[in-house]
Structure formats: C-alpha cells, structure tokens
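To start, the structure itself, in structure tokens.
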Amino acid sequence: HKFLYDQWFVSSPEPFQRLVHQGMVLGADGRKMSKRRWNIIDPMEVIEKYGADAVRTYLMFMGPVEQEKVWNDGALAGVNKFLWRIWKVAEQYVHNEKNDLVERALHKAIKWLTDDMEALKYNTAVSKLMILLNSIKEQKTITKGQLEQFMILLFPFAPKTTRTIWENLWNTTDIEYTPWPTFDASMLVDETIS
C-alpha cells in the first residue's frame, strides 16, 4: 500500500484506521500450545463435539480480543448450552403478543451490541446476548419480529444457528443482507427501579 501511495495510485498512506493485535489462545494449562507439552486442542475434534458455532462464539467470548486467553472446555460447554437454549426459545416461546419487558431488553441489547461491536469488545457483546436470552426465558415469550432482531444480533457469532432459525421463521431474504437493528432511546429507560 505504501508503494502504491508513493506511485500516486492510492490516496492514503495507510489502509487501516487502527491496528489491533489479536491475543493468543493458550492451552488449558495456561502455557502456549505445543506438541511437546501435549496441550494442543484439535479444532476438528472440538467442532465435531460442539459444532462450529459454539467454538466460534466461545472464542469471541473468552476475553478481550487483544489479550491472551486460556482454553477452558467447561466454558465452551456453557456457550454450547447457551446456543441450545436459543433453539428452545425459538421453538417454544414465540407468541403474537408483545411483552414490554422483552422489548426493553431487546432495545438495550441492540444499543450495547452496537457499541461493543464497534469497540471490538466481542466478549461483552456475547455476555449481553446471554442477558437478553435470560430476559426472554424469564418472560417465556417473544414475538417473531423480536426473535428476528435477536437472530441478527447473534449472527456475527453463530451464523449457522441463526441462519437456520431465520429460515425456520419463513423468511425469504438472507439474514446476511438484513440491516443491523436500531434501538429506540425511549426503551432504554426503565419505568421502575428497585
């Protein structure tokens, strides 16, 4: 890019606004993965056991993107349960009546995830999706439209799961081409505080 800039083919000296160095995933023993130490995680074995979406979501949930993270099979199993709970919500809790508490939780999640995704805070974005799921399970209801917005928020982390649920909701458009949801600022304020 710098060569092209020197030759007047591009207009900027740097192609990126900022550079983020990704942290390393360490073995379960907290050391760098190595065949010599026998602490390597075989990605194909893990994907066969939990699925690619669970592994992908777990990798983003492990911690800040720029820090080193220690592999934890228990935490991966927890993320896998989170994705299965989403399937359960999609199968059992879709109703026509809109619940105000779920609507408020959804708008808060949209605001939080929009901010977190721009700041590359994927770990906190996943945790906020978990908070949203807990709100839905607590109320035991969600409308089709609310579930669609939830799937759009989850799509960057678990594309296969969300695409399948999206298609099961009889959507004819691809989820990839659906615009990111926007939040209503008036829905971010709680009516009661205890």
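Choose one answer from Ala125, Ala90, Ala75: the residue with the largest mean-square fluctuation in a GNM of the chain with alpha-carbon springs under 10 Å.
Ala75
How large are Rg and Dmax for the chain when calculated on the C-alpha trace, in angstrom?
Taking only Cα atoms of the chain, I get Rg and Dmax of 19.8, 64 Å.
Starting from the Cα-Cα distance between Met24 and Gln139, subtract it from 0.36 nm times their residue separation and give me the gain in nm to one decimal. Please list the in-between numbers first.
Working: separation 115, 0.36 × 115 = 41.40 nm, distance 3.89 nm.
Extra length from Met24 to Gln139 when fully extended: 37.5 nm.
Send over a whole-number figure in Å² for the accessible area per residue of the range 148-194, probe 1.4 Å.
That works out to 65 Å² per residue.
Keeping all protein chains in the complex and leaving out DNA, RNA and ligands, what accessible area do you get for His95 with a 1.4 Å probe, in Å² to the nearest 10?
It works out to around 80 Å².
One-quarter of the Cα convex hull surface for the range 91-185, in nm²? Mind showing how you got there, number by number?
Values: hull surface 23.5 nm².
In nm², the orientation-averaged hull projection of the range 91-185 is 5.9.
Please report the accessible area of Thr141 (heavy atoms, 1.4 Å probe, ligands and nucleic acids excluded) in Å², nearest 10.
20 Å²
Using a 7 Å offset from the Cα along the Cα-to-Cβ direction at both Asp73 and Thr164, what is the distance between the two label points in nm, to one decimal?
2.3 nm
For Asp6 and Arg31 in one chain, what is 0.36 nm times their gap in residues minus the Cα-Cα distance, to one decimal in nm?
Numbers: separation 25, 0.36 × 25 = 9.00 nm, distance 4.32 nm.
Gain in length upon complete extension: 4.7 nm.
Measure nothing fancy, just the Cα-based angle from helix 52-61's long axis to the longest principal axis of the chain, in degrees from 0 to 90, nearest 10.
80 degrees
Please work out the average accessible area per residue across the range 59-110, using the 1.4 Å probe convention, and give it in Å². Walk me through the intermediate numbers first.
Details: 2840 Å² over 52 residues.
Normalised by residue count, the accessible surface of the range 59-110 is 55 Å².
Show that you can apply the helix-only estimate: for the chain, add -39,500 (n - 2.57) for every DSSP H stretch of four or more residues, divide by all residues, and state [θ] at 222 nm to the nearest 500.
Numbers: 8 runs with 101 residues, N = 194.
Per the formula, -16500 deg cm²/dmol.
Which lysines have a Cα lying under 25 Å from the Cα of Lys32, excluding residues fewer than 8 positions away in the same chain?
Of all the lysines, those that pass the test against Lys32 - Cα under 25 Å, at least 8 places apart if same chain - are Lys49, Lys69, Lys121.
Looking at the chain as a GNM with Cα springs under 10 Å, which of Gln146, Gln92, Gln17 has the largest mean-square fluctuation?
Gln17
Given contacts defined as C-alpha pairs under 8 Å and at least six residues apart, what's the relative contact order of the chain, whole-number percent?
Working: 202 pairs, mean separation 41.0, N = 194.
Over the chain, the number comes to 21 percent.
Accessible surface of Leu4 in the full protein assembly, 1.4 angstrom probe, to the nearest 10 Å²?
70 Å²
How many angstrom lie between the C-alpha centres of the range 138-164 and the range 20-56?
Centre-to-centre (Cα) distance: 27 Å.
Build a GNM of the chain with springs between Cα atoms under 10 Å: which of Asn171, Asn72, Asn99 gets the top mean-square fluctuation?
Per the Cα network of the chain with a 10 Å cutoff, Asn171 tops the list.
When only Cα pairs under 8 Å and 6 or more residues apart are kept, what is the percent relative contact order across the range 10-92? Walk me through the numbers on the way to the answer.
Numbers: 61 pairs, mean separation 28.4, N = 83.
After rounding, I find 34 percent.
Which lysines have a Cα less than 20 Å from the Cα of Lys98, not counting those fewer than 8 places away in the same chain?
Once the sequence-local lysines are set aside, what remains near Lys98 is Lys88, Lys108, Lys111, Lys137, Lys140, Lys144.
What is the set of long-range amide H partners of Asn39 at a cut-off below 5 Å, with H atoms built 1.01 Å from backbone N?
Amide H to amide H, under 5 Å and 5 or more residues apart or across chains, Asn39 pairs with Ser34.
Mind giving me the nanometre distance, one decimal, between the label points for Trp38 and Glu91, set 7 Å out from Cα along Cα→Cβ?
For Trp38 paired with Glu91, the spin-label model returns 3.9 nm.
The values are calculated or read from the model by the stated rules, or taken from the named source; none is laboratory data. Everything numeric in this text was worked out from a predicted model, so none of it was measured. Using ideal geometry, Cβ is built from the backbone for each residue, glycine included, and neighbour counts are taken over all protein chains shown. Areas reflect the complete protein model, heavy atoms only, side chains present, ligands, DNA and RNA absent. Shrake-Rupley method; radii C 1.70, N 1.55, O 1.52, S 1.80 Å.
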